[in-house]
1. Using the 10 angstrom Cβ neighbour count as an exposure proxy, how do CYS285, CYS15 rank, fewest first?
2. From Cα pairs below 8 angstrom and at least 6 apart in sequence, can you work out the relative contact order of the chain, rounded to a whole percent?
3. Which of THR224, THR276 has the fewest other C-beta atoms within 10 Å, and how do the rest follow up to the most?
4. Evaluated at 25 °C with a viscosity of 0.890 mPa s, what Stokes-Einstein diffusion coefficient in µm²/s does segment 251-387 have when Rh comes from the Kirkwood expression over alpha-carbon pairs?
5. Within the chain, what is the longest stretch that has no trypsin sites (Lys or Arg not before Pro) placed in a DSSP loop and near at most 16 other beta-carbon atoms within 10 Å?
6. Once the piece of chain linking ASP34 and ILE261 is laid out straight, how much longer is it, given 0.36 nm per residue of separation minus the C-alpha distance between them?
7. Using the beta-carbon distance between PHE294 and PHE200 and R0 = 51 Å, what value does 1/(1 + (r/R0)^6) give for FRET efficiency, to the nearest 0.05?
8. Over segment 41-92, how many percent of alpha carbon pairs lie in each 5 Å bin up to the one with the longest distance?
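Derivation of every value follows stated rules applied to the coordinates shown; laboratory data play no part. Keep in mind the model is a prediction, meaning the values are calculated, not measured. Neighbour counts run over all protein chains shown; Cβ positions are idealised from the backbone, glycine included.
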Amino acid sequence: MNKILPFIVVAQFLCTSLWFAGNAILPDILQAFDLPGSFLAHITSAVQFGFISGTLLFALFTIADRFSPSMVFFASSVLAAVFNLGVLLPGNEGAGILFFRFATGFFLAGIYPVGMKIASDYFQKGLGRSLGLLVGALVLGTAFPHLLKNFTSHLPWKLVIFTTSVLSVLGGFIILLGVPDGPFRKKACLFNWKAFLISFRDHHFRSAAFGYFGHMWELYTFWTFVPVMLFTYQQNFPAVNFNIPLLSFFIIASGGLACFISGWFSNEVGVKKLATICLMLSCICCLVSPWFLFVVPAYILIIFLVFWGMVVVADSPLFSTLVANNASPEYRGTALTIVNCIGFSITIISIQMINLAGPVFGKYIFMFLSIGPLISIAALLTKHRKV
């Protein structure tokens with residue numbers, strides 16, 4: 001089984017490179033289609049909304065539990081790649097781009113949570129470490145389009161879209177050919193409308209789920225606005241000339257290393273305790289952001305953003321572990337999917353709030369992201385009464 005994990009991790013990385021493909025080339029899209037700067041929030045929210053719709057459908061029909069997870073992953077990777085290419089169709093406008101990003105997000109629902117389901121079907125012991133690698137792969141995949149944009153800055157922007165689609169198909173074939181269904185998989189044979197509610201009856205599961213929801217309030221909004229933070233600092237300090245695509249990659253990708261570290265030490269420190277520490281550090285970053293983003297020298301800003309990029313996502317594999325371990329085994333895939341669905345719904349609210357309220361609150365706007373970590377900490381530390 002140890003030979004299986006690298007296949008899952010690499011496939012997850014390749015396929016999730018689709019996630020921020022539009023964000024990495026946003027300036028080119030804005031120029032090519034004459035769109036406003038606020039389109040950043042819309043193009044990100046379109047992917048998130050597609051993912052939400054996909055996870056909801058996958059959960060209601062228990063897709064990952066009733067059918068082969070490997071086949072679901074493969075089919076989703078190919079379909080996501082096809083819709084990703086739709087952005088390149090001639091005659092596209094803003095609405096068309098949003099549709100294709102929505103559809104790409106829809107089939108990412110068959111990749112990210114299903115990848116976690118596949119891992120949980122193979123690794124019941126040491127699941128935290130396995131999910132640490134898996135979520136780390138997601139983080140690297142999310143950051144990768146920014147690096148790709150950096151290396152192809154003198155080439156047509158469409159190359160980023162084409163390359164990420166090819167990588168997604170390749171990732172799908174890796175799972176199809178190299179990862180059969182796991183030995184701990186329990187198939188849910190019957191369609192059950194209440195499947196996604198079964199796990200929520202357990203108070204440990206609910207605690208993990210609500211902790212994850214607060215974590216998601218901050219995570220994707222931070223990732224979305226990293227280039228904006230760098231650009232805003234550059235405007236305030238004209239002497240600074242950032243390589244924004246490259247720095248965005250390193251800031252986001254640093255979270256991949258953090259996920260590996262947190263997953264590795266989860267057994268020694270304790271999953272819940274380590275998640276709480278990460279949340280506290282992330283919350284502090286939110287609260288001190290006005291000073292770092294508008295006062296300190298450039299090199300200190302970069303150090304701060306890399307640290308924030310690490311602690312903002314280090315708890316992701318920990319929450320995934322808590323959710324997977326406390327879900328009903330026969331509906332684990334559905335439980336992971338529905339939790340993802342709700343979590344990503346929250347990201348849309350957070351992203352749009354920052355986008356709309358930013359001009360009003362100015363440099364203090366990212367302090368509002370601290371709401372998420374505070375809710376998560378409360379969920380993890382709340383003691384449940386025995387009934």
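1. CYS285, CYS15
2. After rounding, I find 28 percent.
3. Going from least to most buried by this count: THR276, THR224.
4. Result for D is 149 µm²/s.
5. 195-382
6. Residue separation times 0.36 nm, minus the Cα-Cα distance, leaves 77.4 nm.
7. That pair, PHE294 with PHE200, gives E of 0.75.
8. Pair shares across the bins are 5, 16, 19, 26, 17, 10, 5, 2.
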